[in-house]
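The values are calculated or read from the model by the stated rules, or taken from the named source; none is laboratory data. Since the structure is predicted, the reported quantities are computational estimates derived from the model, not experimental observations. Here the Cβ is made from the backbone with ideal geometry for all residues, glycine too, and neighbour counts use every protein chain on show.
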C-alpha cells in the first residue's frame, strides 16, 4: 500500500494485489509510486525533468518484466514488450503533438 499526503493532510491509499508479482516487480512498483509523488511535488526544474525521465524508464522496465511479455508461449520469439513500448511511445507522441491531456476527473 502507498500513502501520499498533500499539504491539506489528505491522503490516497493504493492497494495492489501482489499475489502474482515477483519481488522485483513489487520493488519497482514501490519505486514508481515514490518517483511519481516526487515528480508531481518537486519545486526543482532539474528534479522535475530527471524525475520524469526516471519515472518513464521505470514504467518501461515494469512493462518489460510483465508476465505477458516474459511467460507467454512463444514470447521468446516475439518481442511483445518492445512492441508494447513502441506502441505506447507512438500514442504518447500523438498526445504531445496534439497537446491533448487526458483528464480523469468527473
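Quick grid of which residues meet (1) assigned to a helix (DSSP H, G or I); (2) at pLDDT below 95; (3) surrounded by fewer than 12 Cβ atoms within 10 Å (Cβ to Cβ):
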{"position": "8", "(1), (2), (3)": "no, yes, yes"}
{"position": "13", "(1), (2), (3)": "no, yes, yes"}
{"position": "74", "(1), (2), (3)": "no, yes, yes"}
{"position": "85", "(1), (2), (3)": "yes, no, no"}
{"position": "93", "(1), (2), (3)": "yes, yes, yes"}
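Filter the range 29-47 for residues that are surrounded by 15 or more Cβ atoms within 10 Å (Cβ to Cβ) and touching a helix residue (DSSP H, G or I) at 6+ places or on another chain (Cβ under 8 Å) and give the result.
Scanning the range 29-47 gives 29, 31, 32, 35, 36, 38, 39, 42.
Taking interchain pairs and intrachain pairs at least six residues apart, which have beta carbon atoms under 9 angstrom, with the first residue in the range 42-66 and touching a residue at least 12 places away in the same chain (Cβ under 8 Å) and the second loosely packed, with under 15 Cβ neighbours inside 10 Å and not in a helix (DSSP H, G or I)?
As it stands, the answer is 51/44; 65/22, since those pairs meet every condition given.
State all residues of the range 17-28 that are surrounded by fewer than 15 Cβ atoms within 10 Å (Cβ to Cβ) and assigned to a loop (DSSP other than H, G, I, E, B); if no residue qualifies, say none.
Filtering the range 17-28 for residues surrounded by fewer than 15 Cβ atoms within 10 Å (Cβ to Cβ) gives 17-20, 22-24, 26-27.
Within the range 17-28, 17, 18, 19, 20, 22 meet the criteria.
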